[in-house]
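**Q** Sending over a structure as structure tokens; questions will come in a sec.
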Amino acid sequence: MVAALFLGACSFDYGTESGAEVSAPPNATFRDFRHSVVIDGARVFELRAERAETYDAARKTLLFGVSFVEYDRRDGAVATEGGSDAAILYTDTEDAEFSGNIRIDSRREDAVVAAEYLAWNAAEKKLASRLDRAVEIRRGDGSWVRGAGFSADARRRSFAFREAAAGSFAAPGAASDAGPEAEPAAAPAPETVPTPAPAAEAEGGAP
């Protein structure tokens, strides 16, 4: 799932809330910020930002113009990549928030997640949006689902929507030419989920 795939590989969190209130000037400001996670001599994760501001008293780092890449530990290939307009890293809890044009492309799950706000809970290994912010997930077979109140569990590799959700799912084995930018109505051989739906949940491969 989106949380598991890249955040689960990191030793710290990143978040995003470009409008976060800061009561004091930053202790330090960095340009072309880069953070890498190395395990057993292999790079498994890399985070970059156009600008980073550290706030020691608040125990957080604000990032702007964020991009990240997670690498497969077995062969070093790119497993997940994405980015957002801004992020907040909470250095004491390893929680994080992301905001603005969030996109997470999971090569493992052949899925892309798009959102405007996501929060990562490091202790629970869960990723969630707000009830008033929609999240969309698209897979390479043309399936898609969109809804509010998104949550994803990295341990269970599952995701759910607490509010109205809608989407279409390609029939097993059906070929699809629909890409990430295709209109929902163009998804091939769909099984349509009515709108509104009280909740939608998927097991075994959240993006």
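What follows is calculated from the coordinates using simple rules that are stated; it is not laboratory data. Just so it is clear, the structure is predicted and the values come from calculations on it, not from any experiment. All Cβ positions, glycine included, derive from the backbone under ideal geometry; neighbour counts span all protein chains shown.
**Q** Would you mind counting up the charge near D110? Only other residues with Cβ under 9 Å from its Cβ, with Lys and Arg at +1 and Asp and Glu at -1.
**A** Spelling it out: positives minus negatives among the neighbours equals +1.
**Q** Treat the count of other C-beta atoms within 10 Å as a stand-in for reagent exposure and order I137, I102 from fewest to most.
**A** Fewest to most other Cβ atoms nearby, the residues stand as I102, I137.
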